[in-house]
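See structure below.
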Amino acid sequence: MLNNLSIRARLMWLVGFSLIGLVFVQLYSASELRGQLLEQRQNRLIQLTDIAKSLVQEYYRQASELGEAEAKRQALKAVQDLRYGDNQYFWINDRDLNLLMHPVKPQIVGKNMSNTQDASGQYHWKVMQKAVNSLDKAGFVHYDWKPSPNSKESFAKLSYVNLFGPWDWVIGTGVHISDINDAFYASVMRMIFVSGGIIVLLFLLAIVISSSILNPLGEVIRVLRKQTEGDFSARIDVQGRDECAELASALNAMASHQQAVLAEISNTCTVLSTSIASLNGISTTNKEGADLQFMEIDQLSTAVNEMSASIQEIAGTTRQAMDASEQTESVAQRGMQSVNASRDSIVKLSNEVNSGTETIQQLKANADKISSIVSVIEGISEQTNLLALNAAIEAARAGEAGRGFAVVADEVRGLASRTQDSTVEIQQMITQLQQGVESAVASMELSRSEAESTLTASGSVSEDFSEISGQVSFLKDINTSTASATEQQSSVAEQINQSLLRIREISETAVETSSQLQSDAEKVTGVIDGLQSLASTIRVR
């Protein structure tokens, strides 16, 4: 409820409640004053009645000397003569309300007052009778007293009656209490005038205080509205040292801090915008580089796959060359066995040949052919040696130029074929030589020297076959080493290919990250543009 009221209205409500409280306090004070005055009158009546009663008591003690009648008469006379205040008096009546003495109205003395009423119609004498018949034997009675029965004017009166038991007398006296009411009403009037003055002063003070609060608050609201509109350069005019001044100083300090923060935010946005722009450019460059790297790695992976396939092909060709070398070695061994067999035959024939010049000549011719064939085999051996050297060189270069193995393999197969052909020719010549020897059995003795020469030539051929077999075995070892190295290169190529695949995946992830980074940079750029647009609407200087 109070939140819907202005500060001025709250102050007025405070003043109003204060005034209401003040009125209640004044009324209570006036009531207390009236009560105190009435209590003072009552105490005084009790004291005065006690004096009159003590006087009657004195005559009661003298009754034995004066006689009871005389004592009563003198007592009535003495009480009748008593006065206090503004000619106030005492009266005496008995318990049956018969008036025994009244100094002001002697004409009613002896009259029974039971049916007498006051101005309000109250039988106040009966009330007095009831009071003295109580346990206290005394009491107060309020009534409206009329100066005469026909009088229209009445006065509030307070009487006190006290029973003198020995004689059954009721001693009473009364005072007007209109002056107490007058004092009460005068106090009320004073309270009204004082309260009215206080009301005026409080309202004026409330207006002054509310103005002293509302004017600075109005200035604060004005400046805050400007700051709400974006003008943080506005400041509150601080006056005085009260809480409003402290509030204004605190708001000014807050505005200065906000102004500095907004300026820093604006500068930070500018720097951040520049940094984001640079980052965006770097991100774009990284993305292009990552794309190019991804393409290069893809091409390199393809090349490595092709190289791996070539290495595997070289390995297959090397294995074929190794097989051909093994076959060539086998053929050379069989040729050497055949030559050895021919040599043995020639040795046997050389012991039996004693004649046959023509047959020996024919055998010589055949031996010459064998010599030419052996020359061919010797050439083949030399070429095989050269090829073996080339094969060693190619084996050293197998990782860079694998195709050389195919050429060497082809040459080895050619040499192996030629070696086989020559071996066949040698076999044919040996067969012909055997036939010639058979036909020239009769003349072997004559051709023994030629047989010996042939035997010597056969030994040379056997040695040549042995050398060919050794060279072919060496070539086989080279091909075996080449095949092993080629298999290792194939395994390494496969590992390189797997590494390139992982690098390709990493490059692909890098491309996606660069794209995401570029997208995030664009989003941040949008946010910074929004902040800069918002900051441009705020005045900080």
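Past the 13 angstrom mark, what percentage of all C-alpha to C-alpha distances in region 212-258 do you count? In whole percent, the long-distance tail amounts to 48. How about Lys111: which lysines have a C-alpha closer than 25 Å to its C-alpha, ignoring those fewer than 8 places off in the same chain? Filter leaves Lys53, Lys72, Lys77, Lys126, Lys130, Lys137, Lys146, Lys152, Lys157. Converting the Cα gyration tensor eigenvalues of region 2-202 into ellipsoid dimensions via √(5λ) gives semi-axes, longest first, of 49, 17, 14 Å. For Lys111, the residues 5 or more places off, or on other chains, whose built amide H falls under 5 Å of its own are Leu99. Karplus-derived 3J(HN,Hα) values for region 53-64, using 6.51 cos²θ - 1.76 cosθ + 1.60 with θ = phi - 60°, are 5, 5, 5, 5, 4, 5, 5, 5, 5, 8, 4, 5 Hz; glycine and proline are entered as x. Treating cross-link reach as a plain straight distance, find the lysines whose alpha-carbon is under 24 Å from the alpha-carbon of Lys287, omitting any fewer than eight places away in the same chain. Correct list for Lys287: Lys523.
All of the numbers you see were taken from the coordinates with simple rules; none came from a lab. All values derive from a computational prediction rather than experimental measurement.
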